[in-house]
Amino acid sequence: MVCVNARTGDPLWRVPLAKAGINATVVVHNDDKIVAIFGTPYEPGEMVALKIPDVEPATPRSGPVLVERAMVELWSNDASTSTSSPILVGDRVYVVKEKGDLIAVDVHSGKVFWSVRLGIEQRNSCPLYADGKLYVPILDNPTGKDQGDSSEAGTKGGFYILRDHGDTAEMLTHIELDGRCFGSPVAYNGKIYQQTNRKLYCFGRPGNNPGLPPPTVERAWPQPGPAAQLQIVPAEVVLKPGEKAAFRARQLDANGLLVGPVAEVSALRWQEYVPPTALVKATMQGAFNPAGELEVPPTATLSAGAWEATLDGLHGYIRGRVLPMLPLREDFEGFVLSNTTTNTAEPPTAYTYPPLPWIGARFRFEVREVAGTKALTKTIDNKFFQRATAFIGRADSRDYTIQADVRSEGSRRKMSEVGLINQRYLIVLKGNSQELEVNSNQERLKVAVPFRWSPNAWYTLKARVDVAPDGSGIVRGKAWPAGEPEPEAWTIEVPHRTAHQEGAPGLFGFSPQEMRVFIDNLAVTPNAHPALNSR
């Protein structure tokens, strides 16, 4: 668990709690304690109350202070959940545990006042407290399985309304909903809204309902101390060759409070900055002009790095990326494999990191030697990174074709998945099911066709999205053995009535069975004549 200064983004302290991470939101009680809950569907977790540490780093850039759990723990119990967040009402914490039990917990001692079994599991959604009642959605209603439903989970969600009577809970209402309940309920204007993966429900009286609480009186803002740092706005920029960016500079005290007037940007002194802990020592192509603007030359290539600004002994920092316009090409042959991995999943292997400007690639992909060539390789040492998405271009890209050679380790019965991203659509080769699939966020659009492909062999995967003037579009994908002539016809063509208009090109790998996937000879090229019926 990490505390970050909301004014500056600087981490202040951290308390190690769980190897798997914490997905549920923490709650703060009386400004002196924090309650967190964690766990996974496969491993038990805990609910933990911690005294807020009274520490801070020596300087804003020196990193968070490590605080051991034993030094600040107030209590813990065996309540566990991976994604459902707790809520705090007075001195009580309410949460639905991983296996579907709603509990009420004393925030001072961790004692469980009562527990009510509502379902068989819970995911994502959390309770709502309003009008003296608890509104609790459950992912699947245990009595709502559809007849003939062959899936493990049913298609009926459960929605419960309860009242807390101290040592017991009273069940007021149980409603069966159409669809699974992943989202949390929301109260507005005397009504309760609940989203399932099929419908949006609204419960309550129609029209405007008075009775909103008075506005909260905010605390007096503290007075700032002496200036101790600079804050540069914006803190991060993405530029293309030939572009420039302007900034503002503010003086802050040690706690991040604004001190005095805005600083004159032209008076700042800028220099390239590489954090001492950086694993990749990289700089951004560009320079600051006399007006304090960051200019990228027209000939700039893919790059990323940080900059340090100095004024009257104060320092501030920004980060920047240069993302060239299309076409983009990468065969990874120019990468120097200067590192050696020693993780427990494989013997030491020479590798290097993917390009720093790519978003989401680090720790999920590495560049390695693969069958006599260098290729982007999906890592398998961390199971929490087994599904990886990396974006390699600008978010406003559109009307392009993306192509790459791809490969999966495995056997006839055991393979992984590898794919490309085009304008927010995923075009993926699925190993175990032997399919080529097009999807958008898994649920919004999902269509697949059979495609037989073999492990340990290279295939070329190509994808294109064409959008019509009326906003509809067609997502096209094709795959064939690498080195063979490209087939004339597309393997899959999926129409979409409300097509995504733009989106960054990207890469996808999913290795749930420790079968690596590989990507090579990547090319993103603009479509010469965007048209629904073009090849």
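The values are calculated or read from the model by the stated rules, or taken from the named source; none is laboratory data. This structure is a prediction, so every number in the text was calculated from the model and none was measured. So basically every Cβ, Gly included, is an ideal-geometry build from the backbone, and we count neighbours across all protein chains shown.
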Considering residues of the stretch 265-286 that are charged (D, E, K, R) and either part of a strand (DSSP E or B) or touching a Gly at 6+ places or on another chain (Cβ under 8 Å) (or both) only, the residue farthest from Y317 (Cα to Cα): R269
Filtered residue count, the stretch 163-196, keeping only those that are over 33 Å from the mean Cα position of the chain (by Cα) and not in a loop (DSSP other than H, G, I, E, B): 8
Failed criterion for C202 (all others in (1) farther than 30 Å from A246 by Cβ; (2) without any contact (Cβ under 8 Å) to a residue 40 or more places away in the chain; (3) in a loop (DSSP other than H, G, I, E, B) hold): (3)
Among (1) out of contact with any Lys or Arg (no Cβ under 6 Å at 6 or more places or on another chain); (2) free of Cβ contacts under 8 Å to residues at least 60 places away in the same chain; (3) within 28 Å of F385 (Cα to Cα); (4) crowded, with 16+ Cβ neighbours inside 10 Å - the single one P53 does not satisfy: (3)
Some residue of the stretch 361-375 being over 20 Å from P455 (Cβ atoms), polar (S, T, N, Q) and assigned to a strand (DSSP E or B): no
Lone unmet requirement of (1) farther than 20 Å from L134 by Cα; (2) in contact (Cβ under 8 Å) with a residue 12 or more places away in the chain for Y42: (2)
Subset of the stretch 265-274 (residues that are exposed (fewer than 13 other Cβ atoms within 10 Å of the Cβ) and free of Cβ contacts under 8 Å to residues at least 40 places away in the same chain): S266, Q271
Answer residue from the stretch 189-232, given it is surrounded by fewer than 14 Cβ atoms within 10 Å (Cβ to Cβ) and modelled with pLDDT of 95 or more and is nearest to G393 (Cα to Cα) among those: L200
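Condition check ((1) surrounded by fewer than 16 Cβ atoms within 10 Å (Cβ to Cβ); (2) in the same structural domain as W75 (by TED's automatic domain parsing); (3) under 22 Å from N255 (Cα atoms)) across all residues:
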{"site": "M1", "(1), (2), (3)": "no, yes, yes"}
{"site": "L17", "(1), (2), (3)": "no, yes, no"}
{"site": "T25", "(1), (2), (3)": "yes, yes, no"}
{"site": "V28", "(1), (2), (3)": "yes, yes, yes"}
{"site": "D31", "(1), (2), (3)": "yes, yes, yes"}
Failed item in (1) closer than 23 Å to M325 by Cβ; (2) in contact (Cβ under 8 Å) with a residue 40 or more places away in the chain; (3) out of contact with any Leu (no Cβ under 9 Å at 6 or more places or on another chain), with R476 passing the rest: (2)
Within the stretch 287-355, strands (runs of 3 or more DSSP E) holding 1 or more residues that are farther than 27 Å from T277 by Cβ: 328-330
Breaking point among (1) of a type in the set (S, T, N, Q); (2) in a loop (DSSP other than H, G, I, E, B); (3) at pLDDT 95 or above, for N124: (3)
The lone exception for K430 - which of (1) closer than 28 Å to D466 by Cβ; (2) touching a residue at least 24 places away in the same chain (Cβ under 8 Å) it fails: (2)
Condition met for L258 (aliphatic (A, V, I, L, M), more than 22 Å from D396 (Cβ to Cβ) and in contact with a strand residue (DSSP E or B) (Cβ under 7 Å, 6 or more places away or on another chain)): yes
